[in-house]
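The structure under discussion appears below in the form of structure tokens.
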Amino acid sequence: MGKNVLMVCYYYPPLTDVGCKRSVFFSKYFKDNGFSPYVLSVKNPDKSYCSLGNEKPPRDIPVFYSISLFNLSWFIGKLNGAVSRFLRMFGIDLKKNYFYEYLCIPDIFIGWIPQAILRGYRLIKKYDIDLIYVSVTPLSSALVGLCLKKLTGKKMVLDYRDPFGVDLRKYQPTFRQGWFRSRIDKKYADIVLRSCDIFTVTTKETENIYREQFPFLKNKIHTVYNGFDHRLINQLQDEDKFSKFTVIYTGEFYFQVEFEYFFDGLAILKKQGRICANDFQFLYYGGNRERIESALKKYDIEDLAIICARIPYIEVLKQIQRSHLQLLRLIQPMISTKLFEGMSLNTPFLATIPQGEVEEIVREFSPSSCVVTEKSAQKVAEAIVEAMNNYKTGNIRDNHVDEFLANYSRAKGASNMLEHFKGLLSQEN
């Protein structure tokens, strides 16, 4: 007999943020494999922070929406801006948003907590829910799940898409939090993590951080990768590569991670006459285009780049498939969705990444990728030349797509999550 699961997912269509993809796929997979998902999302999302589109939820998934009593992003931003301008008249420069630091606990989405708890409780009773699944972020959702667990006695799975409440200086040396906020966040994390029955994260490196800093999680923390929806491959046709040697980048560029050495590497090759606008292009689809254009201008390589706004996801995949290299960047310990896309579409990487989990995955499954772990423009230039020569001589080897998808498809991740569900529910029998 199938089981009923309440999925608390702030990010769900019509929102279009990347956080929706995991929840949408999971809900469909659970439905197709004997579980009945009931999704609880937000009716009036914070439009100053989230991306609202026209996409509809999957037709066969029941979705219920609760009202956020207030949305703080716009208000907190404006308030901080006004106070900052006032204090600058007296020579005082605010280094951070103290309104967020002291008022938005656990985050700016606290307005949706009260109604989400009430609606969730009614759904649990009405549909005889067996299990609660909570997708985080937002962090407020964890409190919704905790309250529902306390009110109903149901088991709860807490699924973190990004790390929270942990010290990340092991991977991000510049990671800093204020004394007050760091202690509040860690205490909040401690409370919700002790309350959940299963805790899942999206990378092994993240799992290791939590194991080190929250030892009590030892027996209930697991990694469930984001992966790639392999069914999308069937929507793509085999197409020739671009006539120009193309390095592509799509989505968020992660400007908080050092990046200019990539553009400096292109400048080196241009000065050496190894690439020009007739035979090479850097193709970019994403936001913050002004900042990318500024870097291109700084290194005098504007003629080598085509900078475009975001396009529909299936079109993004087509462009990746036609490119010679996909530029891969990341903020450790997270794994960019670009890893799963490029690997599954058989496009090698120019991976300018630190040593660690992602580096090992790229080396294992993509033999023709160029991995640059040093922040060196010269190394980037050498890697591009090597890839161009390999394409010219026919020495490009395919990614190990089938083996990769066997371990890192979205279906594999959803299957792993479903096994955790079954394990929890079997404890009640």
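Only the coordinates and a few stated rules stand behind these numbers; no lab work does. Since the structure is predicted, the reported quantities are computational estimates derived from the model, not experimental observations. Cβ sites come from the backbone with ideal geometry, for glycine too, and all protein chains shown count toward neighbours.
Based on DSSP H segments of at least four residues, each scored -39500 (n - 2.57), the chain has a per-residue ellipticity at 222 nm of -13000 deg cm²/dmol. Whole-Hz Karplus values for region 349-356 come out as 10, 9, 9, 8, 9, x, 5, x Hz, taken residue by residue from phi with 6.51 cos²θ - 1.76 cosθ + 1.60 and θ = phi - 60°; glycine and proline positions read x.
Over region 47-153, what lengths in whole Å, largest first, do the semi-axes of the equivalent ellipsoid take, defined as the square roots of 5 times the eigenvalues of the alpha-carbon gyration tensor?
36, 16, 10
Using θ = phi - 60° in the Karplus curve 6.51 cos²θ - 1.76 cosθ + 1.60, the 3J(HN,Hα) couplings for region 408-420 round to 10, 6, 4, 4, 5, x, 5, 5, 4, 4, 5, 5, 5 Hz; x is entered for Gly and Pro.
Backbone amide hydrogens, once placed in the peptide plane, bring Ala351 within less than 5 Å of Leu328, Cys370, Val371, Val372, excluding anything fewer than 5 places away on its chain. In a Gaussian network model over the chain where Cα atoms closer than 10 Å are linked, find which of Ile132, Ile191, Ile353 has the largest mean-square fluctuation. Highest fluctuation among the options: Ile191. Tally Lys/Arg at +1 and Asp/Glu at -1 over every other residue whose Cβ is under 11 Å from the Cβ of Lys298; what's the total? So the surrounding residues net to -3. Work out the charge dipole of region 150-304 with +1 on the Cβ of Lys and Arg and -1 on the Cβ of Asp and Glu about the Cα centre, then indicate which of Gln213, Leu168, Phe255 is farthest towards its positive end. Checked the options; the winner is Gln213. For region 230-408, the Cβ-based charge dipole about the Cα centre amounts to some 380 debye (Lys, Arg positive; Asp, Glu negative; other atoms uncharged). The loop-placed GluC sites (Glu not before Pro) in region 254-317, going by DSSP, that have at most 12 neighbouring Cβ atoms within 10 Å of their Cβ come out as Glu258. For chymotrypsin sites (Phe, Trp or Tyr not before Pro), the sites in region 246-282 that DSSP calls loop and that have at most 15 other Cβ atoms within 10 Å are Tyr254, Phe255.
Rounded, prolate or oblate: which fits region 151-192, taking a ≥ b ≥ c as square roots of the Cα gyration tensor eigenvalues, rounded meaning a/c under 1.5, else prolate when a/b beats b/c? Here region 151-192 falls in the oblate category. Legend: ranking of residues Trp179, Trp112 from fewest to most surrounding C-beta atoms inside 10 Å; resulting order Trp179, Trp112. With the Cα gyration tensor of region 230-408 giving a ≥ b ≥ c as the square roots of its eigenvalues, does the rule (a/c under 1.5 for rounded; else a/b larger than b/c for prolate; else oblate) give rounded, prolate or oblate? Because its axes are fairly even, with a/c under 1.5, region 230-408 counts as rounded. Label sites at Asn278 and Lys241, each approximated as a point 7 angstrom past Cα along Cα to Cβ, lie 2.0 nm apart. Working from Cα pairs under 8 Å separated by at least six residues, relative contact order for the chain is 13 percent. Counted by neighbouring Cβ atoms within 10 Å, the residues His400, His324 run from fewest to most as His400, His324. Using Cβ point charges alone (K and R +1, D and E -1), the dipole size of the chain about the Cα centre works out to roughly 1500 debye. Considering only Lys271, Lys186, Lys21, the Gaussian network model of the chain with Cα springs below 10 Å gives its largest mean-square fluctuation to Lys271. If you compute percent of Cα pairs over 40 Å apart for the structure shown, which of (i) 22; (ii) 62; (iii) 26 do you land on? Looking at percent of Cα pairs over 40 Å apart for this model, the match is (i). Residue-wise HN-Hα couplings along region 249-261, as the Karplus relation 6.51 cos²θ - 1.76 cosθ + 1.60 with θ = phi - 60° gives them from phi, are 9, 10, x, 5, 9, 6, 5, 6, 9, 3, 9, 5, 5 Hz; Gly and Pro carry x. Amide H contacts of Leu40: Met7, Val8, Cys9, Phe64, each under 5 Å away and 5 or more positions distant or on a separate chain (H built 1.01 Å from N in the peptide plane; Pro and chain starts excluded). Taking a threshold of 32 Å on the Cα-Cα distance, which of the pairs Lys43/Lys241; Lys271/Lys392; Lys170/Lys422; Lys78/Lys125 fall above it? Where the Cα-Cα span goes over 32 Å, the pairs concerned are Lys43/Lys241; Lys170/Lys422; Lys78/Lys125. Any idea which of Pro13, Ile184, Val24 is furthest toward the positive side of the dipole for the chain, if Lys and Arg beta-carbons carry +1 and Asp and Glu beta-carbons -1? So the residue furthest toward the plus end is Ile184.
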